[in-house]
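The block underneath contains the structure these notes are about, expressed in structure tokens.
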Amino acid sequence: MPSLFDSFRSANATMTASGRVATDMAVIAPAPVVSVRPVMLEAPGRGEGLRVKVSAPTTGSDLPIILLSHGFGSSLDGYGPLADFWAAHGFVVIQPTHLDSRTVGLPQADPRTPRIWRFRVEDMKRILDQLDLLEAAVPGLSGRLDRSRIAAAGHSFGGQTAGNLLGLRVLDPASKEQEDLSDSRIKAGVLLATAGKGGADLTPFAAEHFPFMNPSFANMTTPALVVTGDKDDSPLSVRGPEWLADPYFLSPGNKSLLTLFEAEHSLGGIVGYEVRETTDEHPERVALIQRVTWAYLRHALGIEDASWLAARRALSESTDPLGRIESK
């Protein structure tokens with residue numbers, strides 16, 4: 001019986017013949033990938049070092065970079081369907097393990113717990129500050145990074161983390177202030193199934209247990225692609241799936257929205273190969289996300305526009321699309 005990994009590969013191989021995605025949505029040929037894990041970064045004040053995974057194609061130069069922030073409880077080992085695809089198609093993908101990871105096992109009573117959201121952002125900035133070390137840790141990568149083209153991506157809680165680097169602001173539960181944590185080194189973002197407004201939009205459970213879920217998108221000006229599922233009915237909000245489109249509708253600047261039909265919170269299986277979090281397994285949908293996010297980042301980072309234009313055209317012209325794209 002083929003594994004889910006084989007299903008993803010098969011979906012990628014047959015996307016252009018399926019009738020659901022047009023033939024002009026092809027991508028460049030994949031390259032072999034080298035991954036190094038864990039690379040340990042010193043992290044004073046964090047309580048322990050930051051474990052990082054770096055994946056890069058073995059060929060090519062001037063490679064753009066994606067910082068990929070995992071969802072609550074995951075780790076640097078998650079999100080293989082995205083990280084593997086991006087790395088095989090020309091990006092260097094860097095994945096931290098945040099303190100909320102199940103592999104860390106931070107007790108709920110730990111004094112760091114109320115500021116987990118802030119430690120996550122600091123993890124991402126620490127990666128940016130120590131790119132020299134990460135570059136040196138991967139055999140053959142030296143001199144091949146394009147540090148002028150860096151994107152931040154994240155799923156669920158990781159979407160808020162990536163969003164902070166784009167200009168999203170969180171009302172800190174302790175200080176009652178909204179601090180600007182954006183980083184000018186980040187030129188674009190991909191926010192996947194990311195929480196919307198707080199306050200009255202939250203369920204009582206979310207308001208009680210996640211007081212940091214009160215983002216303001218008014219200053220999130222960096223270009224971004226927001227990805228949502230129209231069946232992602234989050235238990236954290238009273239508004240239903242539309243809540244997760246807030247990062248698109250409530251933020252200024254150049255933004256695009258990919259709405260996936262029939263997709264739940266794992267968006268078909270982006271969180272990993274054969275993981276229990278996937279409630280809506282759909283390899284073809286994952287293959288679509290791989291291609292659309294890849295094309296968008298090449299567009300937003302100024303590499304080339306043809307792939308993004310082709311992706312938008314493919315969905316708009318499909319007779320049986322898996323989703324739709326809109327932009328502002």
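Every number in this text was worked out from the coordinates using simple rules, so none of it is lab data. What you see is a predicted model; the values in this text were computed from it and never measured. All Cβ positions, glycine included, derive from the backbone under ideal geometry; neighbour counts span all protein chains shown.
The distance between label points at LYS231 and ARG37 comes to 2.8 nm (points 7 Å beyond Cα on the Cα→Cβ vector). Model label points for GLU274 and GLU48, set 7 angstrom from Cα along the Cα-to-Cβ axis, are 2.7 nm apart. Each semi-axis of the equivalent ellipsoid for the stretch 75-212 is √(5λ) with λ an eigenvalue of the Cα gyration tensor; in descending order they amount to 28, 16, 15 Å. Treating r as the C-beta distance of THR59 and SER175 and R0 as 41 Å, the FRET efficiency rounds to 0.30.
With a Förster radius of 41 Å applied to the beta-carbon distance between ALA109 and PHE249, the computed FRET efficiency rounds to 0.65.
Just to verify a number: FRET efficiency for GLU326 and ASP305, C-beta to C-beta distance, R0 = 22 Å, to 0.05?
Numbers: r = 17 Å, r/R0 = 0.78.
Efficiency at R0 = 22 Å is approximately 0.80.
Which label marks the calculated value of mean projected area of the Cα convex hull in nm², given the options [x] 16.7; [y] 26.1; [z] 15.7? Label [z] holds the value from this structure. Treating each Cα of the stretch 176-328 as an identical point scatterer and summing with the Debye formula, the log10 of I(q)/I(0) at q = 0.12 Å⁻¹ comes to -0.54. Among PHE249, PHE217, PHE85, whose mean-square fluctuation peaks in a Gaussian network model of the chain (Cα, cutoff 10 Å)? Between PHE249, PHE217, PHE85, it is PHE249 that shows the largest mean-square fluctuation. Counted residue by residue at 0.36 nm each, then reduced by the alpha carbon distance between them, the extension gain from PHE261 to ARG147 reaches 37.5 nm.
Proximity of backbone amide H atoms, modeled 1.01 Å from N, is registered between ASP146 and LEU63 at under 5 Å, excluding neighbours fewer than 5 places apart on the same chain.
With contacts taken as Cα pairs under 8 Å and at least 6 residues apart, the stretch 187-281 reaches a relative contact order of 30 percent. With the cut-off at 19 Å, report for the stretch 76-148 the share of all Cα pairs above it, as a whole percent. When every Cα pair of the stretch 76-148 is considered, 48 percent fall beyond 19 Å.
Between ALA200, ALA245, ALA300, which gets the highest mean-square fluctuation from a Gaussian network model of the chain, Cα cutoff 10 Å? Of ALA200, ALA245, ALA300, the most mobile in the Gaussian network model is ALA200.
Too long at a 27 Å Cα-Cα cut-off: which of LYS187/LYS231; LYS125/LYS197; LYS53/LYS328; LYS53/LYS176; LYS176/LYS231? Violating the 27 Å Cα-Cα cut-off are LYS187/LYS231; LYS53/LYS328; LYS53/LYS176; LYS176/LYS231. Between SER182, SER318, SER256, the GNM of the chain built on Cα springs shorter than 10 angstrom shows SER318 fluctuating the most.
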